[in-house]
Amino acid sequence: MTYTLFSIIIELYDNIKRFYIAHKEEIMDNITRAKINLFAILRNLEDLCEMDPQSKEIVKNMKPIAVEFNVPEVGSAVIAFKDGKCTFTRGKGKSSLKLYFTSPEHFNKLIDGENTIPIFYNVFKVGFLLKEFTALTDRLSYFLQPKPEEKDELLKDRDYFVTNTVLTAYTAFFAMAEIANSDFVGKACARRTDNGTILCQVGDDGPAINFTVKNHKFYAAKGAVDEPKATMKFGSLEFAHKLLNGQASSFGGMGSGDFAVCGAVDMLEQVAKLLNVVSEYLA
């Protein structure tokens, strides 16, 4: 019964995806884009410095430094580097360099690579942004946005494939929470989602994200949880990669055993809707 109902849900909400494609510029808002850029994409620097040898080398002997990003209507986050590791913390915190943006659009332009400059607090630390931080964000782009003409060849390398897939999965699922809490359609989905925990996992020991839903707000965190109310499981990194890149469908994955869902169908229905919206924002 769950299989049939969820399959119908997936098919129905393909219509939402087509609607978003037709009205993409009208629907996507800069505040949600900025939240995704800050809390889903830049958050990946934490994992990049664990998974990528070149990034590890960049931060290995780096003097401790923390950068605070402040974006109106979006929020704040601190990215800290210490003892060869990177940590991402949502909200304000102790930092040696603070960046202030005048608007969500201002921040999005920086992430999009446009020539724009934030307001600095402690200009003496700007050299870090121009050197080490830029080198790290370039590595992040290398994995998340490979050049089309190089992508197929890069993915033949197993280490690159794993890093690309894990970072893409984290980006998609953290973005889902931001969309649920900010985007017009996303908030409509959240209003229809009961309190509880949703687990999204790749394999038995692969990357996992859990969503705590409370009072129609989504809170995302890394890691598995015991006894989630609903579960969405990818059978392998290979299938997760195909699904996240539009090369496979969840419907087909359920038929082949590469994709499984269980638990509260009403919650999974809203997750299916949200993932369709995620793909349009990340495109």
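Please give the number of the condition GLU238 fails out of (1) of a type in the set (D, E, K, R); (2) over 27 Å from LEU38 (Cβ atoms); (3) crowded, with 19+ Cβ neighbours inside 10 Å.
(3)
So ALA221 ticks every box in (1) surrounded by fewer than 15 Cβ atoms within 10 Å (Cβ to Cβ); (2) of a type in the set (A, V, I, L, M); (3) in contact (Cβ under 8 Å) with a residue 60 or more places away in the chain but one. Which box is left unticked?
The failed condition is (3).
Show the residue pairs meeting these rules: Cβ distance below 8 Å; 6+ apart or different chains; first residue within the stretch 272-283 and of a type in the set (Gly, Ala, Ser); second residue outside any helix (DSSP H, G or I).
Within 8 Å, the pairs are ALA272/TYR13; SER279/GLY246.
Checking the condition surrounded by 19 or more Cβ atoms within 10 Å (Cβ to Cβ), closer than 19 Å to THR32 by Cα and charged (D, E, K, R), which residue from GLU178, GLU114 passes?
Exactly one of GLU178, GLU114 is surrounded by 19 or more Cβ atoms within 10 Å (Cβ to Cβ), closer than 19 Å to THR32 by Cα and charged (D, E, K, R), namely GLU178.
Name the pairs: first residue in the stretch 92-119 and without any contact (Cβ under 8 Å) to a residue 12 or more places away in the chain, second residue part of a loop (DSSP other than H, G, I, E, B) and not basic (Lys, Arg), Cβ to Cβ under 8 Å, at least 6 apart or on different chains?
LYS109/THR116; LEU110/PHE101; LEU110/THR116; LEU110/PRO118
Return the residue satisfying two criteria in turn: it lies in the stretch 128-140 and is free of Cβ contacts under 8 Å to residues at least 40 places away in the same chain and under 16 Å from PHE69 (Cα atoms), and of such residues it is surrounded by the fewest Cβ atoms within 10 Å (Cβ to Cβ). Before the answer, list the steps.
Step one: list which residues in the stretch 128-140 are free of Cβ contacts under 8 Å to residues at least 40 places away in the same chain, which gives 130-131, 134, 138.
Applying the additional criterion that residues be under 16 Å from PHE69 (Cα atoms) yields 130, 134.
Values: LEU130: 9, THR134: 11.
It comes out as LEU130.
In the stretch 156-175, which residues are surrounded by 13 or more Cβ atoms within 10 Å (Cβ to Cβ) and without any contact (Cβ under 8 Å) to a residue 24 or more places away in the chain?
Of the residues in the stretch 156-175, the ones surrounded by 13 or more Cβ atoms within 10 Å (Cβ to Cβ) are 160-175.
Passing the criteria: only TYR160.
Just so you know, all these numbers are worked out from the coordinates, no wet-lab data involved. Note that this is a predicted model, so its numbers are computed, not measured. Every residue, glycine among them, receives a Cβ derived from its backbone with ideal geometry; neighbour counts consider all protein chains shown.
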